[in-house]
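What follows is one structure encoded as structure tokens, with my remarks underneath.
The values are calculated or read from the model by the stated rules, or taken from the named source; none is laboratory data. Please read these numbers as outputs of a predicted model, since none were measured by experiment. Here Cβ is always computed from backbone atoms with ideal geometry, including for glycine, and neighbour counts include all displayed protein chains. When the accessible area is computed, the model is the full protein with side chains, heavy atoms only, and any ligands, DNA or RNA have been set aside. Shrake-Rupley method; radii C 1.70, N 1.55, O 1.52, S 1.80 Å.
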Amino acid sequence: MHGIIHLELHNFVKSQYGEAALDQLLERAQPSTRIVTPLSSYPDADIVAMVTAAAELTGKSPTALLEAFGEFLVPTYVALYGSLLKPTWRTLDVIEHTEQTIHRVVRRRQPGALPPRLRTVRVGPKMVILTYDSPRKLCAVARGISRGLAARFGEALTINDIECMHRGDPACIISFEVP
Ligand code: HEM
């Protein structure tokens, strides 16, 4: 996965739990490398090891940690890729258009990065339905990113897991709704 994700996971741990906690986590998780940069891609297994170790150390569920991490990613995402977003877009518009704009560009620019192919249906001005079926099964990150976007735009967002790969469904189908 893209080095941004790995680097931001380190930054997330540091910002929430401090520098010593990151050292402790790296010691426990034993990822393939301790130093990560946004210019490279690194094994998905490193993320899994880090999140599993973080859950053991904090007592929080991997899902809760991944959601919080997704939320944490948004300011960095916007700083790096914000120029691809139309200024008029709000939370639902970004979710609706991420595949054709951002993820497509990420796939082209970063060797080794394979962002999920998000399928969306805009069922009305106030609701979008996302189908997510990445084998990484990181729907919690998708929910977290969406919450981070809503916080950024000052919108209330209701998220409903209609189907979920973690419950044995073939894909995660998630609805996002604003008032
Ligand atoms: C500013 C907006 C966004 C940017 C810049 C962005 C960028 C990225 C990047 C760089 C990755 C790593 C891909 C890899 O290395 O293979 C990624 C993964 C991911 N993105 Fe996005 N993304 C954005 C918005 C979204 C949105 C709105 C969603 C869903 C609601 C989403 C869902 C995910 C998920 C779940 C992953 C984890 C990898 C996987 O599931 O296979 N992203 N994104």
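Tabulated results
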| read-out | value |
| --- | --- |
| Separation between Cα centres of the range 144-171 and the range 87-106, rounded to whole Å | 15 Å |
| Burial order of peptide ranges 18-26, 1-9 (average beta-carbon count within 10 Å, highest first) | 1-9, 18-26 |
| Overall Cα dimensions of the chain - principal axes, largest extent first, Å | 48, 34, 31 |
| The chain - percent relative contact order, Cα under 8 Å, separation 6 or more | 20 percent |
| Relative contact order (%) - criterion: Cα under 8 Å, at least six apart; region: the range 86-131 | 36 percent |
| Mean Cβ count within 10 Å, highest first, over the residues of peptides 142-154, 120-132 | 142-154, 120-132 |
| Added length on full extension, which subtracts the Cα-Cα distance from 0.36 nm per residue, V123 to K86 | 11.3 nm |
| Accessible area in square angstrom per residue, the chain, 1.4 angstrom probe | 52 Å² |
| Surface share of carbon and sulfur [accessible, 1.4 angstrom probe, percent] for the range 3-60 | 55 percent |
| Listed residues A54, P115, P87: farthest to the positive end of the dipole of the chain (Cβ charges) | P87 |
| Label point distance in nm, S32-R167, each placed 7 Å from Cα along Cα→Cβ | 3.5 nm |
| Apportionment of accessible area to carbon and sulfur, the range 66-177, percent (1.4 Å) | 55 percent |
